Amino acid sequence: MPSQAQKKNAAFRLHIHKITSPIKIDGLLNEAAWKQAELATNFYMVLPMDTSLANVPTTVRMCYDAKNLYISAVCYKKLPGPNMVESMRRDFAFLKNDNFIFFLDTFNDQTNAFTFGANAAGAQWDGTIYDGSRTDLNWD
């Protein structure tokens, strides 16, 4: 019987720890919680295919407290100059903007998820994923 294909990053895990000191949402990563958080790197690109490492590095840290999940994403640029931002509209066109978007598979079924993100100018993106690849951006 042929073995099932697995993605290269299928075994990756990021250990997210509960914090005991507050985090100020200001774009700075100078709190002790950020310094202690595990660092995620070596992300894979999504387009045109998800089989190669991203061309430009991104680093992500996560932690949580009793009320919030905190995510820090530092997205580096390959070349100087402006970011690609087509719109400041909420739930912008994914392919027309430099952005960071993540998915929370809270059902652990690799089929349904909540998704959140922002483009390089700060416009928000959120929605739900269902049936494996269908997106509903009406969820706010």
Which of the residues belonging to the stretch 78-131 are of a type in the set (D, E, K, R), part of a loop (DSSP other than H, G, I, E, B) and at pLDDT below 85? 78, 86, 89, 90, 91, 98
Whichever residue in the stretch 26-55 is in contact with a Lys or Arg (Cβ under 8 Å, 6 or more places away or on another chain) and of a type in the set (S, T, N, Q) and, among such residues, is surrounded by the most Cβ atoms within 10 Å (Cβ to Cβ): 51
Checklist (1) part of a strand (DSSP E or B); (2) within 20 Å of residue 126 (Cα to Cα); (3) at pLDDT 85 or above applied to residue 59, failing item: (2)
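The values are calculated or read from the model by the stated rules, or taken from the named source; none is laboratory data. This one's a predicted model, so the numbers in the text were calculated from it and none came from an experiment. Reconstructed Cβ throughout: ideal geometry from the backbone, glycine too, with neighbour counts over all protein chains shown.
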